[in-house]
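The values are calculated or read from the model by the stated rules, or taken from the named source; none is laboratory data. Computed from a predicted model, the values in this text were never measured in an experiment. Neighbour counts run over all protein chains shown; Cβ positions are idealised from the backbone, glycine included.
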Amino acid sequence: MNATKRHHPPSSRGAFTLIELLIAASATALTATTGAAMIFAVSSASTQTRDNRTDRAAGHYAADRIGRVVRQARAIGHVTATSVALWVSDENENDQVDLYETGRVYFDPDSDAITYEYFVTTGKTTPASAVATSTLTTEASLKTAMECDEKQSVVLAKDVASTAFSGYPSKTQARIVSVEFKMN
């Protein structure tokens with residue numbers, strides 16, 4: 001028997017050429033890079049959306065707290081761009097403003113916070129210390145009168161960039177105060 005060897009051409013061997021391997025590697029690297037970029041973009045968008053949602057919720061919560069303080073007040077004293085003076089309640093029911101019945105909501109740019117200050121009495125009766133109407137309607141005089149140890153401070157909003165209060169001053173019963181603030 002006469003055996004003849006058959007030679008197969010190189011293209012029919014089933015191996016890949018160097019060029020085919022380089023093209024496959026390039027396509028894989030391009031796909032992996034694109035996938036990583038997409039994952040990073042989705043992760044960044046998700047983080048930013050969560051941060052925006054948190055900031056929005058904090059803003060709504062602060063606006064609700066400020067609104068509740070103003071609605072529960074008996075009257076509004078002064079309203080400036082940065083503060084609101086309130087006749088919080090008539091604890092001793094004498095129909096006149098006493099210092100221990102006042103409070104104020106103000107923006108403190110040093111701490112970037114909107115704060116509510118009011119008096120806390122230690123006894124069952126509120127001391128009568130009548131306040132002139134000018135004290136309630138002037139920001140500086142109420143701030144000076146409230147500088148004592150018996151006051152309580154509650155931060156209504158943190159990380160506030162700017163605040164603008166507006167409303168109807170002069171002890172009106174309407175209790176209409178608008179507040180706009182921008183969170184950091």
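Yes or no: region 37-47 includes at least one residue that is under 17 Å from residue 151 (Cβ atoms) and aromatic (Phe, Trp, Tyr).
No, there is no match, as no residue in region 37-47 is under 17 Å from residue 151 (Cβ atoms) and aromatic (Phe, Trp, Tyr).
Residues are listed down the side, and each one gets a yes or a no for (1) of a type in the set (Lys, Arg); (2) modelled with pLDDT of 85 or more; (3) more than 39 Å from the chain's Cα centre (by Cα):
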position: 1; (1), (2), (3): no, no, yes
position: 9; (1), (2), (3): no, no, yes
position: 13; (1), (2), (3): yes, no, yes
position: 46; (1), (2), (3): no, yes, no
position: 60; (1), (2), (3): no, yes, no
position: 82; (1), (2), (3): no, yes, no
position: 86; (1), (2), (3): no, yes, no
position: 92; (1), (2), (3): no, no, no
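Quick grid of which residues meet (1) closer than 16 Å to residue 181 by Cβ; (2) in contact with a strand residue (DSSP E or B) (Cβ under 6 Å, 6 or more places away or on another chain); (3) part of a helix (DSSP H, G or I):
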site	(1), (2), (3)
46	no, no, yes
49	no, no, yes
58	yes, no, yes
62	yes, yes, yes
67	yes, no, yes
77	no, yes, no
89	no, no, no
93	no, no, no
96	no, yes, no
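Might you check whether a residue that is farther than 22 Å from residue 142 by Cα, of a type in the set (A, V, I, L, M, F, W, C) and out of contact with any Pro (no Cβ under 9 Å at 6 or more places or on another chain) occurs anywhere in region 88-104?
no
All but one of (1) buried (at least 16 other Cβ atoms within 10 Å of the Cβ); (2) modelled with pLDDT of 80 or more hold for residue 138; state the number of the condition that does not hold.
The failed condition is (2).
Name every residue in region 141-164 that is in a loop (DSSP other than H, G, I, E, B), surrounded by 11 or more Cβ atoms within 10 Å (Cβ to Cβ) and more than 11 Å from the chain's Cα centre (by Cα), in order of residue number.
146, 150
Considering each residue of region 165-184, count those that are surrounded by fewer than 13 Cβ atoms within 10 Å (Cβ to Cβ) and modelled with pLDDT under 75, and give that number.
Adding up the residues that qualify gives 3.
On the given criteria, is residue 155 among the β-branched types (Val, Ile, Thr) and at pLDDT below 75?
When the stated conditions are applied, residue 155 does not pass them.
Pick from 85, 32: which is loosely packed, with under 12 Cβ neighbours inside 10 Å and not hydroxyl-bearing (Ser, Thr, Tyr)?
Going through 85, 32 in turn, just one is loosely packed, with under 12 Cβ neighbours inside 10 Å and not hydroxyl-bearing (Ser, Thr, Tyr): 32.
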